[in-house]
Amino acid sequence: MKETVLLTGGAGFIGSHIAVELLQRDYDVVIADDLSNSRPDVPERIEKITGRAPVFYRMDVSDRQALDRVFRAHDIAAAVHLAGYKAVGESVQKPLAYYRNNLDTTLALLEVMADHGVHRLIFSSSATVYGNAEAPCREDMPTGGCTNPYAWTKLMIEQILRDAAKADPSLAAVCLRYFNPVGAHESGLIGELPNGIPNNLMPYITQTAAGIRRELTVFGNDYPTPDGTGVRDYIHVVDLARGHAAALDYSRSHPGWEAINLGTGRGSSVLEIVETFQRVNGVAVPHRIGPRRPGDLPTCYAATDKAARLLHWHAEKDLADMCRDSWRWQQSQQ
Ligand code: WQD
């Protein structure tokens, strides 16, 4: 039986890839997004890839009345909650905006879901809830010790979902802890749209290769890692989207709160990414070693056994795919 899934923030980098995967799995998709981190033409690009159009509402997801109208207009079976501000550095400058937006959107969504008897929620969480935990990060490890308001909002929302699931045993609340999403759909039609100067590594690399940025600064090469540069668990955004489809299946028969890592379980260093990118794309990425970025961890990567056990999902794409698909997307932006 065909189900309708609401994607809050579904026009964004991660959300648009989830929309593609769900439409291709014969779900109907409704996107609610204020476009603060996207562009108006993303829904039509999603349609171009899949041949099926998502329903799109440009709206503030914290507006309960607007959300209520969406739930009245569509028989929503489940929600994937991605709407939220996500820039670590910006969250340090504007903490109140981050707490207000990220928590209000979540509370409004949960209240309207309860009003309409919708019991399945997949939440876009983050590995930053582990603080400076020793890698590999396991879901049963203590969380906290967050180093910025953005990360605290993710942890607070996980707690809100724990308490909501305790109060309503029919609620399935699956918190997916993303590691480092990179790459783009192979069509080159959707991808990351960083606002201004990219904070994250891969968009900075692609803009440097494209000549938009003069050179990449590698934030430190004196970490206790194989080549001294930071190690992270980079996961292709299409693998991440497929993990959400698996979590939606899981939530159909598993009420209760759950946290599950979405990563590859492999750590790659900054210089490994630069070298792979240059090799697979045949382009130069001018770069120099600079000082460490405050707050950065030496190493962070996922334990992946729980995702395999509960979701029967694992990441399939490799660094070459991530670099190739990121570069194709960057070139399509010129
Ligand atoms: C990766 C590595 C940097 C830029 C953040 C958020 C996390 C999630 C993913 C939202 C690190 C190095 C980076 C540059 C560099 N975001 N780097 N030069 O910090 O692991 O995670 O993005 O959910 O919540 O915390 O990702 O891409 O910023 O950095 O050397 O210009 O690349 O030091 O080792 P990070 P990142």
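As a summary of the residue check, Ala303 satisfies the conditions (1) more than 20 Å from Ile14 (Cα to Cα); (2) within 19 Å of the chain's Cα centre (by Cα); (3) within 16 Å of the ligand (Cβ to nearest atom) except for the one numbered (3). None of Leu319, Leu262 is within 17 Å of the chain's Cα centre (by Cα) and within 23 Å of Ser125 (Cα to Cα) except Leu262.
The residues in the range 75-87 that are crowded, with 17+ Cβ neighbours inside 10 Å and either under 17 Å from the mean Cα position of the chain (by Cα) or not in a strand (DSSP E or B) (or both) can be counted, and the count is 9. One residue stands out in the range 194-242 among those that are of a type in the set (D, E, K, R), within 20 Å of Gln278 (Cβ to Cβ) and surrounded by 16 or more Cβ atoms within 10 Å (Cβ to Cβ): the one that is nearest to the ligand (Cβ to nearest atom), namely Arg232. Taken over the range 305-334, residues that are free of Cβ contacts under 8 Å to residues at least 60 places away in the same chain, more than 21 Å from Thr229 (Cα to Cα) and either touching a strand residue (DSSP E or B) at 6+ places or on another chain (Cβ under 6 Å) or among the aliphatic types (A, V, I, L, M) (or both) amount to 1.
Taking the condition small (Gly, Ala, Ser), within 16 Å of the ligand (Cβ to nearest atom) and touching a Ser or Thr at 6+ places or on another chain (Cβ under 7 Å), does Ala133 pass? It is false that Ala133 is small (Gly, Ala, Ser), within 16 Å of the ligand (Cβ to nearest atom) and touching a Ser or Thr at 6+ places or on another chain (Cβ under 7 Å). Among the candidates Ile273, Ile260, the residue that is within 10 Å of the ligand (Cβ to nearest atom) and not in a loop (DSSP other than H, G, I, E, B) is uniquely Ile273.
Does Gly191 qualify as being buried (at least 16 other Cβ atoms within 10 Å of the Cβ), assigned to a loop (DSSP other than H, G, I, E, B), touching a His at 6+ places or on another chain (Cβ under 9 Å) and modelled with pLDDT of 95 or more? It is true that Gly191 is buried (at least 16 other Cβ atoms within 10 Å of the Cβ), assigned to a loop (DSSP other than H, G, I, E, B), touching a His at 6+ places or on another chain (Cβ under 9 Å) and modelled with pLDDT of 95 or more.
The values are calculated or read from the model by the stated rules, or taken from the named source; none is laboratory data. This is a predicted model, so every value here is computed, not measured. Heads up, the Cβs are rebuilt from the backbone with ideal geometry, glycines too, and the neighbour counts pull from every protein chain shown.
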